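Quick notes on the structure that follows.
Every number in this text was worked out from the coordinates using simple rules, so none of it is lab data. Bear in mind that the values here come from a model prediction, so they are computed numbers and not experimental data. Every residue, glycine as well, gets a Cβ built from its backbone with ideal geometry; the counts of neighbours run over all protein chains shown.
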Amino acid sequence: MEYTLKEKAVSATVWSGIDIFAKQGLQFGITLILARLLTPADYGTVGLLAVFIGLAGVFIDSGFSSALIQHKDINDTDLSSVFYFNISMSLLVAAVLGLISSWIATFYKMPVLKPLTWLLVLRWFAAAKS
């Protein structure tokens, strides 16, 4: 069965919307659970690191996956290049954040931020994704 360009565009838009709403819904749910389990001070402590984690996420994403999706002729070299680049960036950004965790803890005068930073960046070591 051959789909028209309009049908493909509608399908892609629907699936993209589902992806965005699922991610946002999951993030909202996790936020509610953390807000309920943690004290306000603990929740704020984790929130201090959100700036660094969010900025790191921008570098990790870097747009290559999106560019690959929009490319017409994709070969195995393109796929493996983007895959290995994303893994490398994830590990590099995680290592840099881990290394500056002492500086972050000193800047905020909160020693607990050092191990907490390492804990939050472990997700990039554990789940380096394409």
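Order 71-78, 92-99 from most to least packed using the mean count of other Cβ atoms within 10 Å.
Numbers: 71-78: 8.8, 92-99: 16.8.
The densest-packed peptide leads the list: 92-99, 71-78.
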Could you compute the net charge surrounding F52? Neighbours are other residues with a C-beta less than 14 Å from the C-beta of F52; K and R count +1, D and E count -1. +2
Centroid-to-centroid separation of the stretch 102-125 and the stretch 40-55 [C-alpha atoms, Å]: 10 Å
Inter-label distance, nm, simple model (7 Å from Cα along the C-beta direction), I87/I53: 2.4 nm
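Determine the calculated [θ] at 222 nm for the chain from helices alone, applying -39500 (n - 2.57) to every DSSP H run no shorter than 4 residues and normalising by the residue count; nearest 500 deg cm²/dmol. If you can, show how the numbers build up before the last one.
On the way: 6 runs with 108 residues, N = 130.
When only DSSP H runs of four or more count, the value is -28000 deg cm²/dmol.
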Checking the cross-link filter: which lysines have an alpha carbon closer than 30 Å to that of K23, excluding same-chain neighbours under 8 positions apart? K6, K8, K72, K114, K129
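If packing is taken as the average number of other Cβ atoms within 10 Å across a peptide's residues, how do 56-64, 18-26 rank, most packed first? Show your work: numbers first, answer last.
Working: 56-64: 13.9, 18-26: 10.0.
My ranking of the peptides, most packed first, is 56-64, 18-26.
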